[in-house]
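The structure appears below as structure tokens.
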Amino acid sequence: MDDIVPALKSKLPQLRGRLLANEPLAPLTWFRVGGPAQALFMPEDEADLAYLLANLPREIPVTVIGLGSNLIVRDGGVEGVVVRLGRGFNETKIEPGHRVRSGTAVPDLRVAKAAQEAGIAGLAFYRGIPGAIGGALRMNGGAYGRETKDVLIEARGIDRAGSIRTYTNADMGFTYRHCGVGDDVIFTEALFQGTAGDPAAIAVEMDEITSKRETTQPVKSRTGGSTFKNPAGHKAWQLIDAAGCRGLIVGGAQVSELHCNFLINLGNATAADIENLGEEVRRRVKDNSGVTLEWEIKRIGV
Ligand SMILES: Cc1cc2nc3c(=O)[nH]c(=O)nc-3n(C[C@H](O)[C@H](O)[C@H](O)COP(=O)(O)OP(=O)(O)OC[C@H]3O[C@@H](n4cnc5c(N)ncnc54)[C@H](O)[C@@H]3O)c2cc1C
């Protein structure tokens, strides 16, 4: 892809964060596949990100990524600017009333731990979700009967025009693994509500989550978590199993033997292998059960 970085730097002279041309994205995702970002931007702070969004020519697309645990980056890479939040969005604070305020680059695990140490119950489910808080907001991430919708008071975000605003829980339009806020909005901060709890008891709950995960999910593999949403009244993994897809291979990608709603990069998969495998699973499930599976994993790029 053309190197747009020099032109962007001259158009946006007050940009402070790092802006890199043709930067590989595969190492930033769990699947470890896919092409580069035409430009990768790591803003210094919220004001820096707002400056980019307000001044970047409208025809240049912007895509945000978190820890890449729910993401297939396609082999041709991602055109325009890919935003990845880091330092500057990485703080967690305990606030009065059993609340936790967190930047959106903070891994979910760290929010769970901070809450546990402060004796705040209700956020332990984040222990098992390997993304960062921005991804949890966008995906309404959840586990074990709880989801982000149940614990979020409000979130801050910046739209493509560079305007910063606060979204209440109701504004977020959460449904199952979905947030209704416009796709252009990049979340920067979240405020969570917990309840009083005993740190030792919460620690036990978190340990149980860890061991449950390790025995039921391929958590040490190159994967993207649940590939498809559970259709109403069904479990995606059961439909996939019934369609005979457990262990199915396309190129270097395989349907996990351990949890068949997980796809795995066996080592040398391309993004196309993984996406084609997912589409093959959808076809077979449709033929077998009549149910159309909907992707939960986000696919970006060309
Ligand atoms: C082993 C494994 C287990 C998993 N288990 C669970 C589970 O139990 N429950 C569950 O819900 N998920 C689970 N997942 C999926 C994944 O961890 C979650 O969807 C997570 O919330 C994604 O966060 P992320 O930071 O990795 O986002 P990414 O994968 O990088 O991005 C996901 C989406 O969020 C958007 N996004 C990221 N950051 C921001 C931001 N700051 N502002 C706006 N949008 C943003 C991206 O544009 C993209 O659309 C699992 C994944 C793996 C690999």
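Read the figures in this text as sums done on the coordinates, not as results from a lab. Predicted model only: the values in this text are computed from it and were never measured. Virtual Cβ from ideal backbone geometry, glycine too; neighbours counted across all protein chains shown.
Taking H placed 1.01 Å from N in the peptide plane, check which residues at least 5 places from G224 or on another chain put their amide H under 5 Å from its amide H.
L263
Would you mind finding the longest exposed-site-free stretch of the chain, with exposed chymotrypsin sites (Phe, Trp or Tyr not before Pro) meaning DSSP loop and at most 16 other Cβ atoms within 10 Å? Numbers along the way, then the final one.
Values: sites that count: Y144, Y176.
For chymotrypsin sites (Phe, Trp or Tyr not before Pro) (loop position, at most 16 other Cβ atoms within 10 Å), the longest site-free span of the chain is 1-143.
Summing +1 for each Lys or Arg and -1 for each Asp or Glu, what net charge is found among the other residues whose Cβ lies under 13 Å from the Cβ of E189?
Counting the neighbours of E189, the net charge comes to 0.
Considering only Cα-Cα distances, which of the following residue pairs are longer than 32 Å: K11/K149; K9/K93; K9/K113; K11/K113; K113/K298? If you can, show how the numbers build up before the last one.
Working: K11/K149 39 Å; K9/K93 34 Å; K9/K113 39 Å; K11/K113 42 Å; K113/K298 27 Å.
Flagged as over cut-off: K11/K149; K9/K93; K9/K113; K11/K113.
Placing unit charges on C-beta atoms (Lys and Arg positive, Asp and Glu negative, everything else neutral), compute the dipole magnitude of the chain about its Cα centre in debye, rounded to 20. Let's see the in-between values first.
Details: 35 positive and 36 negative charges, 28 e Å.
Its charge dipole is roughly 140 debye.
Compute the Cα gyration tensor for the chain, then decide on rounded, prolate or oblate, letting a ≥ b ≥ c be the square roots of its eigenvalues: rounded whenever a/c is under 1.5, prolate when a/b is larger than b/c in the other cases, and oblate in all that remain. Display every interim value, and only then the final one.
Values: a/c = 1.86, a/b = 1.09, b/c = 1.71.
The shape class here is oblate.
Give the longest segment of the chain that steers clear of trypsin sites (Lys or Arg not before Pro) in DSSP loops with at most 10 neighbouring Cβ atoms within 10 Å, not counting the sites themselves. Walk me through the intermediate numbers first.
Details: sites that count: R58, K220.
Free of exposed loop sites, the longest segment is 59-219.
I want to verify a result. In a Gaussian network model of the chain, Cα cutoff 10 Å, which of these has the top mean-square fluctuation: G122, G17, G135?
G17
May I ask for the net charge around N70, where only other residues with Cβ less than 12 Å from the Cβ of N70 are counted and Lys, Arg are +1 while Asp, Glu are -1? Let's see the in-between values first.
On the way: positive: R138, R177, K229, K298, R299; negative: D108, E296.
Net charge in that neighbourhood comes out at +3.
With an 8 Å Cα cut-off and a minimum separation of 6 or more residues, compute the relative contact order for the chain in percent.
In percent, rounded to a whole number, it is 17.
Got the relative contact order for the range 59-134 handy, in percent, Cα pairs under 8 Å and 6 or more residues apart?
Values: 113 pairs, mean separation 22.0, N = 76.
Reported relative contact order: 29 percent.
Among all the lysines, which ones have a C-alpha under 17 Å from K286's C-alpha, if same-chain residues fewer than 8 places away are not counted?
K229, K235
What residues have an amide H closer than 5 Å to that of I72, excluding those fewer than 5 places away on the same chain, when H is modeled at 1.01 Å from N in the peptide plane?
K298, R299, I300
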